[in-house]
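The values are calculated or read from the model by the stated rules, or taken from the named source; none is laboratory data. Since the structure is predicted, the reported quantities are computational estimates derived from the model, not experimental observations. Every residue, glycine among them, receives a Cβ derived from its backbone with ideal geometry; neighbour counts consider all protein chains shown.
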Amino acid sequence: MAFQDFSYQFVQGLSEIHRSLDLKETKEAAVSVVSRVFGAKGASLLLFDRTHETMKLSESFGLSEAYKIKGDVNPKKSIGETLHGNVVVIRDVATDPNLQYPQEALQEGIKSIVGLPVAVGNILVGTLRLYFDRPRDITWEEMEYLKMMALHVGLSLRKSFYFDAIKNSTTNIHLMPPFKVSESMLNLVKTATLSGNSMGCSLFLVKQSDGMLERVASFGLSENYLSKGVVSIAHSIGEVSTGKPVVVTKVATDPRIQYREQALQENIKAVIGYPVKVGSKIVGALRWYYDFEFEPDKDHLTWKEYLAINVGLAIEKNQLLIQLKTRQDWYADILFEMDAKPYNVPE
């Protein structure tokens, strides 16, 4: 392909990848564009599960159902692009030992594979893989374009991940069944965990009686960790006492961690906490737990801030529903009495 034609397809492909905020459409565009631009037989987007122990097929293009259901991918047994953070090229599937499913690839007619690590902000979320039906050598120029494509896929996924999380959380709040705030909070912390690429998330509310934090919803954390003991506002990471977000990038050495030993046993290596407010009053905290150390960027923190705001709105809505129900009952009693004793208007 002439360089001019390739450049045109590449630019058009980037435009297609960035076109939508919808997460599914973004993923579909990523695999179809990268396959078409680089002349691959097909492509797949594999994303880490919340434990980061396996990668699951999130979207694909040009692959058979039999190949797509071959199983989850173990980063330690697969081609290795996510372990080292570099592009990996498997020129000959038949002879390369760094494959988890070599027979399935050969049956699919795959001769070469290129793996591109994909990051959303400062978090490695998975890989974009290209599959070729012939042995494929990658030139230096192509390698640079592949890296650029992976970068743009990550940028597009980031906005789609964040938009999807905010959309789901706000929808959950507005469709919340009356007086079922616990169910709503469980859905919110699950959304926060999965969209934030974290291992878990917890929502705490302030106990006015003793100044402690009570965990009211949690996802992704073991019962052993959840039962470690009471969480003190004074001795915990500080988002409630300061009213500002707190980022603990290294749990192992940060003095703000109240239960460091238990956190390390849970494989928690980083924590991000946001105060939850109803109006101007701090009523709790929303915390994310990560099994890797990292420094979140501005966009990542902004997204978390809006999710914490939505949690506060959900709590406030529940309070208003309770007040409204009380008032409705009062009006119902009055109307009942008026129906029982007709009010006579003087002539």
*asked:* With the structure loaded, tell me whether Lys190 is surrounded by fewer than 19 Cβ atoms within 10 Å (Cβ to Cβ) and touching a strand residue (DSSP E or B) at 6+ places or on another chain (Cβ under 8 Å) or whether it fails that test.
replied: no
_Where His84 falls short, out of the listed (1) crowded, with 20+ Cβ neighbours inside 10 Å; (2) over 24 Å from Thr26 (Cα atoms); (3) not acidic (Asp, Glu)_ = (1)
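Each row is one residue, and each column tells you yes or no for (1) assigned to a strand (DSSP E or B); (2) hydroxyl-bearing (Ser, Thr, Tyr); (3) modelled with pLDDT of 90 or more; (4) over 13 Å from Gly126 (Cα atoms).
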| site | (1), (2), (3), (4) |
| --- | --- |
| Gln4 | no, no, no, yes |
| Leu21 | no, no, yes, yes |
| Tyr67 | no, yes, yes, yes |
| Asp92 | no, no, yes, yes |
| Pro97 | no, no, no, yes |
| Glu104 | no, no, yes, yes |
*Can you name the residue in the stretch 289-346 that is of a type in the set (Val, Ile, Thr) and at pLDDT 55 or above and is also farthest from Leu175 (Cα to Cα) among such residues?*
Thr302
_Residues that are surrounded by 13 or more Cβ atoms within 10 Å (Cβ to Cβ) and more than 19 Å from Leu130 (Cα to Cα), drawn from the stretch 9-38_ = His18, Ser20, Leu21, Asp22, Leu23
_Failed criterion for Trp140 (all others in (1) at positive phi; (2) over 21 Å from the mean Cα position of the chain (by Cα) hold)_ = (1)
*Hits in the stretch 42-55 (condition: modelled with pLDDT under 95 and either more than 25 Å from the chain's Cα centre (by Cα) or charged (D, E, K, R) (or both))*: Asp49, Arg50, Glu53
*Between a first residue in the stretch 11-27 that is charged (D, E, K, R) and a second residue that is not in a helix (DSSP H, G or I), which pairs have beta carbons less than 8 Å apart while being 6 or more apart in sequence or on different chains?*
Lys24/Glu59; Glu25/Arg19; Lys27/Leu45; Lys27/Ser58; Lys27/Glu59
*asked:* Tell me whether the stretch 128-139 contains one or more residues that are surrounded by 19 or more Cβ atoms within 10 Å (Cβ to Cβ), among the basic types (Lys, Arg) and out of contact with any Leu (no Cβ under 6 Å at 6 or more places or on another chain).
replied: yes
